[in-house]
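Enquirer: My questions will all concern the structure given below.
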Amino acid sequence: MSLYNDLRTSAELQREQEDGHRHCLRICRAAGCLSQHNDSITRALQDQVHGQGLENEVQVKGVGCMGLCAAGPLVSVSTHEGESVLYQHVSEADAPEIVAALDSEPVTRLQLDTSTPFFTRQYKIVLENSGIIDPDNIEEYVAADGYRALNTVLSEMTPADVIREVTISGLRGRGGGGYSTGLKWSTVAKAAGDLKYVICNADEGDPGAFMDRSVLESDPHRVLEGMAIAGYAIGAQKGFIYIRAEYPLAVERLKTAIRAAEKKNLLGDNILDTEFDFDIEIRLGAGAFVCGEETALMASIEGKRGQPRPRPPYPADYGLWGKPTLVNNVETYANITPIIRNGGEWFADIGTDNSKGTKVFALAGQIRNTGLIEVPMGITLREIIYDIGGGTPQGTALKAIQSGGPSGGCIPVEHIDSPVDYESLTRLGSFMGSGGMIVIDETADMVEIAKYFMEFCMTESCGKCIPCRVGTAHMYRLLDKIVRGQAAQSDLDLLEELCDLTRNTSLCGLGQASPNAVISTLRYFRHEYTARLIPEFAEEGER
Amino acid sequence: MSIKDKKYEARIQKHFGKYPDKRSAVMALLYIAQEEYGWVSPEAIQEVADLCEMDPTQVKSIAGFYTMYSEKPKGKYWLQVCTDLPCALKGADEFHKELKAYLGVEEGGTTDDGLFTVEHVMCLAACDKAPMLQCNFHYMENLDMEKMKAFVEEKRAELEQQTSKK
């Protein structure tokens with residue numbers, strides 16, 4: 001295993017050189033902050049450093065997402081001793097002041113208080129490197145313990161050992177379903193056949209969800225490493241990342257990462273001088289939400305319309321081009337490396353009895369601290385919304401939290417002390433989903449919200465099965481009628497009947513879940529529906 | 001104009017090399033065709049069908065299924081406004097309406113000067129920066145009509161300059 005040691009040594013060497021710098025200025029270069037002209041801020045900081053002849057003392061580099069997108073553009077300044085200061089809403093004009101303050105007191109005007117729960121209450125496993133390392137630099141990933149897990153797996157573990165460790169960890173699929181990852185891996189490993197595939201589902205499409213985009217933009221190698229380990233465990237030589245074409249920055253970073261990993265023999269043939277071969281290809285989607293469903297995703301890779309098919313057969317037996325296939329989400333793969341490094345037991349100690357580890361959530365809607373957070377499973381909604389999220393921006397009253405995208409539901413404020421784990425959210429009529437949380441305040445109209453989601457489901461219905469194709473359109477029309485105040489009780493009855501029908505008879509999970517927004521708002525906010533119905537006598541009178 | 005030109009050959013072969021059959025590369029080739037023609041024109045469909053050894057009807061059905069293939073010519077700047085719930089909560093619907101009114105186009109329409117096409121799009125995963133849109137795959141975030149008017153006028157002025165030079 002000398003090859004990994006060599007890699008590690010050269011990466012360490014680079015880190016030592018960096019340590020020679022007394023200060024490091026990190027600029028967030030994830031899409032959220034980039035769009036706010038971060039490149040010009042980077043240049044302005046570099047100009048200042050060069051202008052004052054500080055190149056050997058101050059390092060300026062671009063890194064991935066720092067999480068608190070609401071305060072972007074973000075710049076962090078760290079010293080050799082590890083102390084760090086975070087600056088918010090930085091502009092080009094602030095560069096001289098920031099550089100001048102390096103050896104004195106921080107610029108208080110820009111300083112972001114990092115002792116707040118937003119920072120202290122988080123637990124970073126998936127996002128441990130985000131905002132710290134340069135995503136385009138493989139050495140930085142290696143120096144941060146990257147690819148050590150792959151090396152361990154290839155040199156010291158059998159595929160069965162790997163699957164055992166993942167099973168012990170209790171990791172469950174982070175794409176929404178929550179199926180046991182260890183069980184899925186062992187099923188594909190046991191499937192007959194020499195040719196198998198690994199797929200990373202990066203077709204994130206839930207409104208309100210932007211976790212996977214950020215992970216891929218901030219730490220792409222972590223996902224590649226997780227996929228390679230999965231390939232070894234199940235006996236596959238080829239992996240595909242199916243990613244939305246709407247994420248050009250993430251695609252670019254992935255391409256760079258794959259090229260770098262191939263060059264260092266961390267992907268390709270005879271990885272790290274072992275018998276193991278594994279290649280990863282990127283496959284762009286083209287704007288069909290339904291392709292996040294695994295059978296639709298595989299149809300899309302095969303060059304067909306992305307339409308789901310009935311299961312069984314499951315992809316584990318009959319997947320891509322009919323071969324046994326493992327499909328996991330970005331965040332699931334991102335959890336593999338730390339599980340191998342620290343052991344399954346370590347991971348299983350975090351979280352609750354049935355939901356282990358952490359979860360990344362995207363906070364959006366009426367919340368002060370919009371952005372990305374990672375918290376241990378079992379944390380309460382109150383802690384997420386108030387302590388970490390800072391509550392609603394204008395101090396309006398919180399009304400509900402929508403989780404799980406169009407397949408999820410709205411949780412009313414009275415359940416704010418519920419823990420966040422797979423089972424609790426399902427009990428409340430919502431869904432863990434991929435991790436989007438949309439905060440809804442008192443000004444929102446819940447029937448309108450249900451209508452938004454129904455419009456989404458109607459537009460994105462692939463049209464293959466009638467309950468979903470026709471059901472969502474009818475439900476949308478009925479919701480619209482209610483919003484316009486032209487519906488009667490009979491319309492509401494019909495809506496509920498359609499919810500039932502669509503849920504029970506649609507072909508795929510997306511169709512079955514399409515009425516969830518209506519069902520959950522009816523469960524908790526029925527009065528908002530009934531208050532708009534025209535009285536029965538008026539309906540009679542019209543006839 | 002053709003994607004059978006030499007300049008695309010290496011790229012197309014690379015896509016074919018990824019898969020066990022040619023059909024699997026059809027989506028990638030449709031992107032190349034859209035790059036060449038600006039939209040997936042009937043010629044583009046035919047060429048992709050030839051290369052992937054498929055029936056043109058099958059290719060057309062795939063182009064029609066996925067929203068990122070354009071079945072009609074688009075403006076130079078393709079503005080896709082995200083109007084999903086998290087964005088709508090931050091005023092994206094209103095913004096989308098005002099933008100169309102300002103440009104004088106209907107949903108999916110293109111301005112007479114051929115510069116702008118406006119349409120709404122499903123989640124672009126930048127919910128924290130709404131209202132936002134994607135302009136030819138580049139994100140423009142934290143928008144308001146003032147910023148958009150400035151952008152539109154800048155592009156119009158550029159076009160005017162180019163035409164007056166000619």
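Any read-out appearing in this document is the output of simple, stated calculations on the displayed coordinates, not a laboratory observation. Computed from a predicted model, the values in this text were never measured in an experiment. Using ideal geometry, Cβ is built from the backbone for each residue, glycine included, and neighbour counts are taken over all protein chains shown.
Enquirer: Using a Förster distance of 25 angstrom, determine the FRET efficiency expected from the C-beta separation of residue A:88 and residue A:120, and round it to 0.05.
Expert: On the way: r = 17 Å, r/R0 = 0.67.
Efficiency at R0 = 25 Å is approximately 0.90.
Enquirer: How large is the dipole of the protein assembly as shown about the Cα centre if only Lys and Arg carry +1 and Asp and Glu carry -1, each at its Cβ, rounded to the nearest 20 debye? Working shown, then result.
Expert: Values: 72 positive and 103 negative charges, 317 e Å.
With Lys and Arg at +1 and Asp and Glu at -1, about 1520 debye.
Enquirer: May I ask you to compute the full-extension gain from residue A:494 to residue A:477, defined as 0.36 nm times their residue separation minus their alpha-carbon distance, rounded to one decimal in nm?
Expert: Details: separation 17, 0.36 × 17 = 6.12 nm, distance 1.13 nm.
So the extension gain works out to 5.0 nm.
Enquirer: What order, most packed first, do the peptides B:91-98, B:129-136, A:229-236 have when packing is the mean number of other Cβ atoms within 10 Å of each residue?
Expert: Highest mean packing first, the order is A:229-236, B:129-136, B:91-98.
Enquirer: Quick one: Karplus J couplings for the stretch A:161-169, per residue in order, coefficients 6.51, -1.76, 1.60, θ = phi - 60°, nearest Hz, x for Gly and Pro?
Expert: 4, 4, 5, 4, 4, 5, 5, 4, 4
Enquirer: Would you please name the trypsin sites (Lys or Arg not before Pro) within the stretch A:431-520 that are DSSP coil residues with at most 14 other C-beta atoms within 10 Å of their C-beta?
Expert: In loop regions of the stretch A:431-520 (DSSP not H, G, I, E or B), the sparsely surrounded trypsin sites (Lys or Arg not before Pro) are A:484.
Enquirer: Here's a follow-up. Can you give me the Kirkwood hydrodynamic radius for the stretch A:473-514, using every pair of distinct Cα atoms, in Å to one decimal?
Expert: That comes to 10.7 Å for the stretch A:473-514.
Enquirer: Follow-up. Quick one: give the max-minus-min coordinate of the C-alpha atoms of the stretch B:6-65 along each principal axis, largest first, in Å.
Expert: 25, 23, 17
Enquirer: If you don't mind, another one. Compute for the stretch A:145-347: radius of gyration divided by Kirkwood radius, i.e. Rg/Rh, restricted to C-alpha atoms, rounded to two decimals.
Expert: Rg/Rh: 0.93.
Enquirer: For chain A, which cysteines have no second Cys with its Cβ under 4.7 Å from theirs?
Expert: A:24, A:65, A:69, A:200, A:291, A:410, A:457, A:462, A:465, A:468, A:499, A:508
Enquirer: I would also like to ask the following. Restricting to Cα atoms and excluding each atom paired with itself, what does the Kirkwood estimate give for the stretch A:142-205 in Å?
Expert: 13.6
Enquirer: Moving on to the next point. Could you go through the stretch A:449-464 in sequence order and give the Karplus-derived ³J(HN,Hα) for each residue, using 6.51 cos²θ - 1.76 cosθ + 1.60 with θ = phi - 60°, rounded to whole Hz, and x for Gly and Pro?
Expert: Here the 3J(HN,Hα) series is 4, 4, 5, 4, 5, 5, 4, 4, 5, 5, 5, 8, 4, 6, x, 6 Hz.
Enquirer: Rounded, prolate or oblate: which fits the stretch A:162-281 when a ≥ b ≥ c are the square roots of the eigenvalues of the alpha-carbon gyration tensor, with rounded for a/c under 1.5 and prolate only if a/b beats b/c?
Expert: oblate
Enquirer: Let me ask something else about it. What is the sum of charges around residue B:166, taking Lys and Arg as +1, Asp and Glu as -1, for the other residues whose C-beta is under 14 Å from the C-beta of residue B:166?
Expert: -1
Enquirer: Going by alpha carbons, how many degrees (0 to 90, nearest 10) lie between the helix axis of B:56-65 and the longest principal axis of chain B?
Expert: On a 0 to 90 degree scale, this one is about 30.
Enquirer: How large is Rg over Rh for the stretch B:9-105, taking Rg from the Cα atoms and Rh as the Kirkwood inverse mean of 1/r across Cα pairs?
Expert: 1.12
Enquirer: Dipole of the stretch A:249-353 (Lys/Arg Cβ +1, Asp/Glu Cβ -1, origin at the Cα centre): which of A:297, A:276, A:286 lies farthest to the positive side?
Expert: Of the options given, the answer is A:286.
Enquirer: A further question on this structure: So what's the angle, to the nearest 10 degrees on a 0 to 90 scale, between helix A:2-19 and the longest Cα principal axis of chain A?
Expert: 80
Enquirer: For all pairs of alpha-carbon atoms in the stretch A:353-441, what percent lies in each bin of width 10 Å, listed from the first bin to the last filled one?
Expert: Answer for the stretch A:353-441: a P(r) of 19, 59, 21, 1 percent.
Enquirer: From the helices alone, meaning DSSP H stretches of at least four residues, give me the mean residue ellipticity at 222 nm for the protein assembly as shown, per-run term -39500 (n - 2.57), in deg cm²/dmol to the nearest 500. It would help to have the intermediate numbers written out before the result.
Expert: On the way: 29 runs with 313 residues, N = 709.
Value at 222 nm, helices only, nearest 500: -13500 deg cm²/dmol.
Enquirer: Along each of the three principal axes of the Cα atoms of chain B, give the extent in whole Å, ordering the values from largest to smallest.
Expert: 49, 44, 25
Enquirer: Taking amide H positions as placed in the peptide plane 1.01 Å from N, state which residues far from residue A:358 in sequence (5 or more) or on other chains have amide H under 5 Å from it.
Expert: HN-HN under 5 Å from residue A:358: A:377.
Enquirer: Separate question: Compute the Cα gyration tensor for the stretch A:393-541, then decide on rounded, prolate or oblate, letting a ≥ b ≥ c be the square roots of its eigenvalues: rounded whenever a/c is under 1.5, prolate when a/b is larger than b/c in the other cases, and oblate in all that remain.
Expert: oblate
Enquirer: Using Cα positions and a limit of under 29 Å, work out the lysines in reach of residue A:61, with same-chain residues fewer than 8 apart set aside.
Expert: Cross-link targets: A:124, A:255, A:263, A:264, A:359, B:129.
Enquirer: Here's something else I'd like to know. What's the average, rounded to a whole number, of partner chain beta-carbon atoms within 10 Å of each residue's beta-carbon in B:139-148? Let's see the in-between values first.
Expert: Numbers: counts 8, 1, 8, 4, 0, 0, 0, 0, 0, 0.
Mean shielding count: 2.
Enquirer: Once the stretch A:357-406 is represented by equal point scatterers at the alpha-carbon sites, with solvent omitted, what log10 I(q)/I(0) does the Debye formula produce at q = 0.16 Å⁻¹?
Expert: After summing over all Cα pairs, the log10 values are -0.43.
Enquirer: Short version: ³J(HN,Hα) in whole Hz for each residue of the stretch A:60-72, in order, from phi by Karplus 6.51 cos²θ - 1.76 cosθ + 1.60 (θ = phi - 60°), x for Gly and Pro, what are they?
Expert: 3J(HN,Hα) across the stretch A:60-72, in whole Hz: 10, 8, x, 10, x, 4, 9, x, 8, 4, 4, 9, x.
Enquirer: For residue B:138, project a label point 7 Å along Cα to C-beta. Then give me every residue of the stretch A:224-247 with its amide nitrogen under 16 Å of that point.
Expert: Taking a point 7 Å out along Cα→Cβ of residue B:138, the residues of the stretch A:224-247 whose backbone N falls under 16 Å are A:247.
Enquirer: I would also like to ask the following. Give the long-range amide H neighbours of residue B:115: residues separated by 5 or more places, or on another chain, with amide H under 5 Å away, using H modelled in the peptide plane at 1.01 Å from N.
Expert: Those qualifying (amide H under 5 Å, at least 5 residues apart or on another chain) are B:76.
Enquirer: Given the C-alpha centroids of the stretch A:38-82 and the stretch A:255-303, what is the distance between them in whole angstrom?
Expert: Taking the Cα centre of the stretch A:255-303 as reference, the centre of the stretch A:38-82 is 32 Å away.
Enquirer: Using a 10 Å cut-off around each Cβ of peptide A:299-311, what is the average number of partner chain Cβ atoms that fall inside?
Expert: What the average comes to for A:299-311 is 4.
Enquirer: Something else: Can you give me the long-range amide H partners of residue A:241? Hydrogens built in the peptide plane at 1.01 Å from N, cutoff under 5 Å, separation of 5 or more residues or another chain.
Expert: Amide H to amide H, under 5 Å and 5 or more residues apart or across chains, residue A:241 pairs with A:200, A:281, A:282, A:283.
Enquirer: Going 7 Å from the Cα of residue A:245 along its beta-carbon direction, which residues of the stretch B:60-93 have the amide nitrogen within less than 19 Å of the resulting point?
Expert: B:60-83
Enquirer: Under 1.5 on a/c is rounded, so check that first for the protein assembly as shown, then, if it is not, pick prolate when a/b is larger than b/c and oblate when it is not; a ≥ b ≥ c are the square roots of the alpha carbon gyration tensor eigenvalues. Present the calculation step by step, with values, prior to reporting the outcome.
Expert: On the way: a/c = 1.25, a/b = 1.19, b/c = 1.06.
In terms of gyration-tensor shape, rounded.
Enquirer: Just the ratio, please: alpha-carbon radius of gyration of the stretch A:21-114 over 2.2 N^0.38 Å, N its number of residues.
Expert: 0.96
Enquirer: About the Cα centre, and with charges only on the beta carbon of Lys, Arg (+1) and Asp, Glu (-1), how big is the dipole of the stretch A:446-542? Nearest 20 debye, please.
Expert: On the way: 10 positive and 14 negative charges, 94 e Å.
Charge dipole, the stretch A:446-542, about its Cα centre: 460 debye, nearest 20.
Enquirer: Starting from the Kirkwood radius over alpha-carbon pairs of the stretch A:58-98, derive D by Stokes-Einstein at 4 °C in a medium of 1.567 mPa s and give it in µm² s⁻¹.
Expert: In µm²/s, the coefficient is 116.
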